[in-house]
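Enquirer: Got a structure here, written out as structure tokens. Questions coming.
The values are calculated or read from the model by the stated rules, or taken from the named source; none is laboratory data. Bear in mind that the values here come from a model prediction, so they are computed numbers and not experimental data. All Cβ positions, even for glycine, are placed from backbone atoms using ideal geometry, and neighbour counts span all protein chains on display. Note: accessible area is taken over every heavy atom of the protein model, side chains too, but ligands, DNA and RNA are not part of it. Shrake-Rupley method; radii C 1.70, N 1.55, O 1.52, S 1.80 Å.
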Amino acid sequence: MDVLPLLLLVAGSAAVAGAARRTPVPAPLLLVAVGLAASYIPGVPDYTLEPDVVLPLLLPPLLYTSATDSSYLDLRAQVRPVALLSVGYVLFATVAVGWAAHLLVPGLPLTAALVLGAVVAPPDAVAATAVARRVGLPSRITTILQGESLLNDATAITAYKVALAAAIGEGATWSGGVEEFLLAAVGGVGVGLVLMAPLHWLRTHLKEPLLQNTLSLLIPFVAYGVAEQLHASGVLAVVVVALYLGHRAWEVDFATRLQEEAVWKMVAFILESAVFALIGLQLHGVLKGLGAYEAASATWYAVALFAVVVLTRFVWVYPAAFVPRILSERVRTREENPTWRGALVTGWAGMRGVVSLAIAFSIPVTVHGGEPFPQRNLILFLTFTTVIGTLVIQGLSLPPLIRFLKFPGRDQQAETLAEANAQAQASLAAESRLDALLSDERNTLPAPLADRLRAVLERRRNAVWERLGQVNPVTGESVDDTYRRLSREMISAEREVFVRLRDHRYIDDEMLRALLRRLDLEEAAAYREAG
């Protein structure tokens with residue numbers, strides 16, 4: 001196996017993503033642009049998007065890290081709009097876009113057009129999450145978009161399977177399609193519900209952080225693989241398990257949480273970077289496969305289909321946002337009032353991504369009987385142009401659109417006050433627990449050590465309140481910024497002494513690593529206390 005192309009992809013995409021952090025351009029867009037350009041550079045390997053690799057190997061960890069970072073409680077509060085988008089919109093877009101493609105492209109059968117509709121229907125989890133993080137969308141809109149992007153792949157993949165069965169001559173029916181969808185959805189959720197408790201039990205009973213993090217890396221693949229073996233939705237299984245584990249993450253020991261956070265940040269960074277680079281790198285191969293289609297006709301189809309995809313989303317989003325509120329008193333009572341600005345951003349934030357391309361590349365070359373699949377190469381081209389169009393046009397224009405609409409910012413003062421009150425209640429509970437423990441002769445400590453425990457507790461309690469205070473009139477720093485800086489300077493001085501002692505062979509490298517780790521944890525604690 002030639003690993004050089006893989007190493008080049010990972011290293012190159014990571015370098016571009018790192019450079020994007022120093023520019024105003026979101027990393028996904030820069031990665032796609034560089035991939036597009038690199039696809040025409042002589043000597044760059046041909047990177048074919050293999051569905052057998054993307055769906056089972058890249059999609060589960062990306063879904064897992066996005067779901068564990070999501071809030072189960074927030075998603076539950078927004079379950080109705082999330083369901084309308086992740087299920088209702090995807091099915092609506094499959095039919096609407098498929099019908100439009102059937103009318104637009106001469107000779108494209110309706111069954112093949114519905115395959116195209118299912119392929120381009122789901123907004124991508126990676127794209128939505130990456131752009132939402134960068135532009136700072138309001139929390140309710142971010143929750144809805146994340147929830148949609150976590151669940152809509154399951155709907156799209158099932159719709160694709162039903163449409164494909166009809167297109168290749170397997171005699172699919174509407175009733176059979178509904179049955180398959182329900183079985184995939186119920187089965188995927190069921191697998192997730194069955195696996196989540198045992199997996200959480202393993203996470204909390206393994207005592208070695210390395211083993212716990214190894215299990216963490218395996219969990220999304222286990223959930224996806226088990227569900228797919230049972231012909232259920234692997235996507236839903238991964239999301240259910242990840243939401244549960246993320247909601248119960250506080251029960252895992254601190255060392256595992258620290259290590260797991262670093263590991264998954266690295267995994268997500270590498271995979272997201274490689275995924276967007278792969279999207280751009282498909283250009284050369286897609287254009288070569290376009291074959292006899294005239295450039296002008298293919299371009300016209302691409303522009304028209306992109307417009308249909310964008311328009312279709314708005315046709316669904318606005319009624320879905322306002323009509324249930326008009327019809328249901330329960331919705332008016334229990335849910336926040338939607339705004340036209342929120343619906344506009346939700347409609348415009350429907351970027352497509354690598355899942356659409358992976359599904360498109362899985363379309364078979366022939367149908368039953370050996371005839372070529374109708375206009376397969378054109379379907380690949382239209383999928384690619386739709387993905388690129390949504391990422392570039394919508395992705396680039398989304399941040400200025402949000403700034404133009406002037407969404408109300410988060411109330412930092414109110415959030416800090418809520419944090420301070422929560423910390424005060426927790427500190428009182430901890431102080432009572434400490435007093436009870438110290439009253440037991442088995443827990444007797446010298447006074448300085450007992451005072452140190454109380455001082456640490458007092459520092460945590462006061463740190464948040466101090467953020468509400470005034471800044472230093474000389475430096476302009478807040479109190480917590482000054483505390484963080486002084487702590488870092490003190491720890492840096494200790495670190496330099498340890499290194500000097502190692503260099504003079506007074507201590508060995510093993511002791512140095514132990515001492516540096518202790519300082520690293522203290523620095524992290526000081527940073528978190530102040531921040």
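Enquirer: Picking from 509, 481, which residue would you name as being exposed (fewer than 11 other Cβ atoms within 10 Å of the Cβ), in contact with a helix residue (DSSP H, G or I) (Cβ under 8 Å, 6 or more places away or on another chain) and modelled with pLDDT under 80?
Expert: One residue alone meets the criteria, 509.
Enquirer: Just to be sure, is residue 333 open to solvent by 10 Å² or more (accessible area, probe 1.4 Å), among the polar types (S, T, N, Q) and assigned to a helix (DSSP H, G or I)?
Expert: Considered against the rule, which asks whether it is open to solvent by 10 Å² or more (accessible area, probe 1.4 Å), among the polar types (S, T, N, Q) and assigned to a helix (DSSP H, G or I), residue 333 comes out as yes.
Enquirer: Do you know which of the residues in segment 12-67 that are among the hydroxyl-bearing types (Ser, Thr, Tyr) and either over 15 Å from residue 268 (Cα atoms) or in contact with a Gly (Cβ under 7 Å, 6 or more places away or on another chain) (or both) is most open to solvent (accessible area, probe 1.4 Å)?
Expert: It comes out as 40.
Enquirer: For residue 353, work out the one condition from (1) open to solvent by 20 Å² or more (accessible area, probe 1.4 Å); (2) in contact with a helix residue (DSSP H, G or I) (Cβ under 6 Å, 6 or more places away or on another chain) it doesn't fulfil.
Expert: Failing condition for residue 353: (1).
Enquirer: Only one residue in 125, 96, 83 is of a type in the set (Gly, Ala, Ser), modelled with pLDDT under 95, open to solvent by 10 Å² or more (accessible area, probe 1.4 Å) and closer than 21 Å to residue 355 by Cα, so which one is that?
Expert: One residue alone meets the criteria, 83.
Enquirer: Now a separate question. What pairs come up if the first residue lies in segment 488-504 and is open to solvent by 90 Å² or more (accessible area, probe 1.4 Å), the second is in a helix (DSSP H, G or I) and of a type outside the set (Lys, Arg), and their beta carbons are under 7 Å apart, counting only those six or more places apart or on different chains?
Expert: Partner pairs satisfying both residue conditions: 488/523.
Enquirer: So residue 341 passes all but one of these: (1) in a helix (DSSP H, G or I); (2) over 25 Å from the mean Cα position of the chain (by Cα). Which condition number does it fail?
Expert: (2)
Enquirer: Now, a different point. Pick from 108, 75: which is buried (at least 19 other Cβ atoms within 10 Å of the Cβ), closer than 26 Å to residue 150 by Cα and either at pLDDT 90 or above or not hydroxyl-bearing (Ser, Thr, Tyr) (or both)?
Expert: 75
Enquirer: Right, here's the next one. Residue check: is residue 226 at pLDDT 95 or above, in a helix (DSSP H, G or I) and crowded, with 16+ Cβ neighbours inside 10 Å?
Expert: yes
Enquirer: Name every residue in segment 1-49 that is in a helix (DSSP H, G or I) and hydroxyl-bearing (Ser, Thr, Tyr), in order of residue number.
Expert: 13 - this is the single residue of segment 1-49 that is in a helix (DSSP H, G or I) and hydroxyl-bearing (Ser, Thr, Tyr).
Enquirer: Only one of (1) modelled with pLDDT under 85; (2) over 27 Å from the mean Cα position of the chain (by Cα) fails for residue 364. Which number is that?
Expert: Status for residue 364: all satisfied but (1).
Enquirer: Output yes when any residue across segment 259-270 is in a helix (DSSP H, G or I) and under 22 Å from residue 37 (Cα atoms), and no when none is.
Expert: Yes, segment 259-270 has at least one match.
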